[in-house]
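Notes for the one structure printed next.
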Amino acid sequence: MNKETKNGETLLRIAWCVLFATALAVVIFVRIRLLSFPLERDEGEYAYAGRLLLQGIPPYDLAYNLKFPGSYFAYALFMWVFGETTLGIHLGLLIINFVTITVLFVLGRELWGATAGLAAATAFAVLSLSPAVAGLAAHATHFVILAAMAGALLLLQAVRRWSPRLLFASGLFFGLAVVMKQPGVWFPVFALFYVIYDQLQQKAALKQIAQGVLVFCVGVSAPLLVTGLFLWHAGVFAKFWFWTIQYAREHGNLVSISQAVGVLQYQLTGVIGVNWPLWALALIGLVVCLSQAGAHASLPFLLSLLVAAALAVSTGFYFRDHYFILILPVIALFAAAAVTLPKTRASRILRTIALAVFAAALAWPLVRDRQFLFMVAPLDACRAIAYPNPFSESLPIAKFIGERTSPADQIAVLGSEPQICFYANRRSATGYIHTYGLMEPQNYASRMQREMISEIEKTRPKIVILVAINYSWLAQPDSDRTIFTWADQYCRENYTPVGLVKLLEHESVYDFSSDPPLRDLPPDYIVIYQRKT
């Protein structure tokens, strides 16, 4: 290599490092700027359950939900370290996101070299920030992919040097991915397939393959076993089993395949949205890898990972925007494959062009979303993308509740807004902090309504918050509406309205007078009731 060629390669490497550092700095700046972005309802659930954990109350005891409990422990850790605030939670997410970016860099470097690692990490940093995937919210999917990508990296290293120790460590991380949320189960399935496939390709002895599978499965099982033992010891295993297995099975069978196609098409359009240049590069990278399969020994690994991520996104066929976070690492890796061409003298100009194209693909979504990312205040930014969900409105509502109650008082939120309980620092009078299940056409819906009604009547909370917003219930034409009839009568006989919030498109209207008029109400509103003395 002559001096001119060497200098050109050095400049190209420096350019990649500068691009990575610049993009990472922008992403960190945006996340820090929007640390106070209001919690949405899933975050409210995790935060509320995490606080209960810090108070010694196990998951599923006073707060019910169908998700595995890993995210509750993650939130408890964030709040223990950084404080029980929105800022503390989102600071924890920033760290999780940064560590995932680092893991993607190492994984990309293992596959194709340092340049590919920088490209994959940079693409993921930008994609995972996007409001199209609710990137600012600390969803369980962020925790799943950190554990899954760490497991994938260790898996790749384990099969290359055949290390049972690394296989076990890989299994541990994949097991953690499952504990974080059930769709994470597809990642250890992918890993198991890849281990067997790789060893058969290497013509390894069946004894070695069996040993590797056993060691890996033990690693995957360990976090699940520890979690189960903890919940059993805490006396909540039966509730855990009902919510995360029995009810989750019902919930997962509500959307038919024919419905799923339309849902996927709609959601995918929004998710790709302004991020289309990076998704297009990922498609090009996939085509390049397939067309040069012989030169890409890592292709089976990547294809297996892609299938696992796609299945994880598709679990239940709901295709909610933040579910697509599960596939972003694979998208980032294939995008890196498209722009990191082989180092040959003839391709240096092409590689420079590829770098420029990649930089433009990164800049495009940041420029298109610039107002949301760089200009609008956190509360306004939340309202712009969440309306008519009452995420911003939950803050003044919680403050009002805090002024009218003592820490020992309990409140009941009739709706799926657990962030109100977290903000107000008041315990819920019922474990039903989400009410979607009550409206679903599933076998447990009526039983759930009776249980929620019974818990509220038994506790007699001082404050009842009636959330008359469809997004908080998702009532369907065939939903059992018993709880609505009960709520109307129960509140009328036992409570007095003391607050009203009208959710309007441009600005919500608050009335915290002693007797707000409940007339001329918009389609979406919230009434706060106080128990009669």
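For region 64-77, what are the residues that are in contact (Cβ under 8 Å) with a residue 60 or more places away in the chain and open to solvent by 10 Å² or more (accessible area, probe 1.4 Å)?
Within region 64-77, Y64, N65, L66, K67, F68, A74 qualify.
So which of L333, L373 ends up being assigned to a helix (DSSP H, G or I), more than 30 Å from G151 (Cβ to Cβ), at pLDDT 95 or above and open to solvent by less than 70 Å² (accessible area, probe 1.4 Å)?
L373
Which count do you get for residues in region 384-431 that are assigned to a loop (DSSP other than H, G, I, E, B) and either open to solvent by less than 10 Å² (accessible area, probe 1.4 Å) or modelled with pLDDT of 95 or more (or both)? Walk me through it before giving the result.
Here is the first cut: in region 384-431, the residues assigned to a loop (DSSP other than H, G, I, E, B) are 387-393, 405-409, 415-418, 425-426, 429-431.
Going one step further and asking which of them are either open to solvent by less than 10 Å² (accessible area, probe 1.4 Å) or modelled with pLDDT of 95 or more (or both), we end up with 389-393, 405-409, 415-418, 425-426, 429-431.
Matching residues across region 384-431 total 19.
Considering each of G44, G8, G108, G113 in turn, give the residue that is over 23 Å from H322 (Cα atoms), touching a residue at least 60 places away in the same chain (Cβ under 8 Å) and surrounded by 23 or more Cβ atoms within 10 Å (Cβ to Cβ).
G108
Is it the case that some residue within region 254-270 is in a helix (DSSP H, G or I), of a type in the set (S, T, N, Q), more than 30 Å from A116 (Cβ to Cβ) and out of contact with any helix residue (DSSP H, G or I) (no Cβ under 9 Å at 6 or more places or on another chain)? First the steps, then the outcome.
Initial filter on region 254-270 (in a helix (DSSP H, G or I)): 257-270.
Okay, now just the ones that are also of a type in the set (S, T, N, Q), so 258-259, 265, 267, 269.
Filter once more, keeping what is more than 30 Å from A116 (Cβ to Cβ): 258-259, 265.
If we keep only those that are out of contact with any helix residue (DSSP H, G or I) (no Cβ under 9 Å at 6 or more places or on another chain) as well, we get 258, 265.
Yes.
From the list S298, S347, S291, which one is at pLDDT below 90 and either within 27 Å of M180 (Cβ to Cβ) or under 27 Å from the mean Cα position of the chain (by Cα) (or both)?
Going through S298, S347, S291 in turn, just one is at pLDDT below 90 and either within 27 Å of M180 (Cβ to Cβ) or under 27 Å from the mean Cα position of the chain (by Cα) (or both): S298.
Taking region 469-511, which residues are aliphatic (A, V, I, L, M) and closer than 20 Å to P396 by Cα?
Selection gives I469, V498, L500, V501, L503, L504, V509.
If G235 meets every condition in (1) in a helix (DSSP H, G or I); (2) touching a residue at least 12 places away in the same chain (Cβ under 8 Å) apart from one, which number is that one?
(1)
Name the residues in region 122-141 that are open to solvent by 10 Å² or more (accessible area, probe 1.4 Å) and part of a helix (DSSP H, G or I), would you?
P131, A132
Please count how many residues of region 182-228 are open to solvent by 40 Å² or more (accessible area, probe 1.4 Å), at pLDDT below 95 and aromatic (F, W, Y).
2
If a residue has to be within 13 Å of the chain's Cα centre (by Cα) and either open to solvent by 10 Å² or more (accessible area, probe 1.4 Å) or over 29 Å from G50 (Cβ atoms) (or both) to count, how many in region 95-105 make the cut?
Of the residues in region 95-105, 1 are within 13 Å of the chain's Cα centre (by Cα) and either open to solvent by 10 Å² or more (accessible area, probe 1.4 Å) or over 29 Å from G50 (Cβ atoms) (or both).
The values are calculated or read from the model by the stated rules, or taken from the named source; none is laboratory data. Everything quoted here is computed from the prediction, not taken from an experiment. Cβ: placed from backbone, ideal geometry, glycine included. Neighbour counts: every protein chain shown. Accessible surface is based on the protein model in full, side chains and every heavy atom, while ligands, DNA and RNA are left aside. Shrake-Rupley method; radii C 1.70, N 1.55, O 1.52, S 1.80 Å.
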